[in-house]
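The values are calculated or read from the model by the stated rules, or taken from the named source; none is laboratory data. All values derive from a computational prediction rather than experimental measurement. FYI the Cβ positions are ideal-geometry reconstructions off the backbone, even for glycines, and counts take in every protein chain you see.
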Amino acid sequence: MQPKKLGSTSGPSRASLAAVLSLDSIRSLRGSLITLRRRCGKPTCHCAKGAPHATPALSFSENGKTRILTLTPAELPTVRRALSHYHKAQAQTGKDAERGLRLLRRYLARARQA
């Protein structure tokens, strides 16, 4: 079986994307880390009677729809770091916006007194 090529109609494989993209280039991500739990359906698998399989995933909203990207354990540290970066930047933006509102209120109050 030949590997899928980028641009093929069935979509690129994870290995071919890894050759082109690097996790190091991901700086910020919006979303939430979740764990998908499911049973595979094989009657002899441990999940048939015990705990289901667990797969880490990133859940995010895109154009009003919830999307989910499954992750490997090796990808988790990068995704966690990028989510943390996004949340810190979002918090800073909120602080900047509040400061902007305070400054605008002061400016308007002085302009109306004059």
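Return yes when R112 is at pLDDT 95 or above and among the basic types (K, R) and no when it is not.
Values: at pLDDT 95 or above: no; among the basic types (K, R): yes.
Spelling it out, it is not the case that R112 is at pLDDT 95 or above and among the basic types (K, R).
Yes/no matrix, rows are residues, columns are (1) surrounded by 12 or more Cβ atoms within 10 Å (Cβ to Cβ); (2) of a type in the set (V, I, T); (3) touching a Phe, Trp or Tyr at 6+ places or on another chain (Cβ under 7 Å):
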{"position": "L58", "(1), (2), (3)": "yes, no, no"}
{"position": "S61", "(1), (2), (3)": "no, no, no"}
{"position": "P73", "(1), (2), (3)": "no, no, no"}
{"position": "P77", "(1), (2), (3)": "no, no, no"}
{"position": "R81", "(1), (2), (3)": "yes, no, no"}
{"position": "A89", "(1), (2), (3)": "yes, no, no"}
{"position": "T93", "(1), (2), (3)": "no, yes, no"}
{"position": "D96", "(1), (2), (3)": "no, no, no"}
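Based on this model, can you work out whether L33 counts as at pLDDT 95 or above, within 20 Å of the chain's Cα centre (by Cα), surrounded by 11 or more Cβ atoms within 10 Å (Cβ to Cβ) and within 30 Å of Q90 (Cα to Cα)?
yes
Taking only region 73-114 into account, find how many residues are within 30 Å of T55 (Cα to Cα) and of a type in the set (V, I, T). Let's see the steps before the verdict.
Initial filter on region 73-114 (within 30 Å of T55 (Cα to Cα)): 73-91.
Keeping just the survivors that are of a type in the set (V, I, T) gives 78-79.
Number satisfying all stated conditions: 2.
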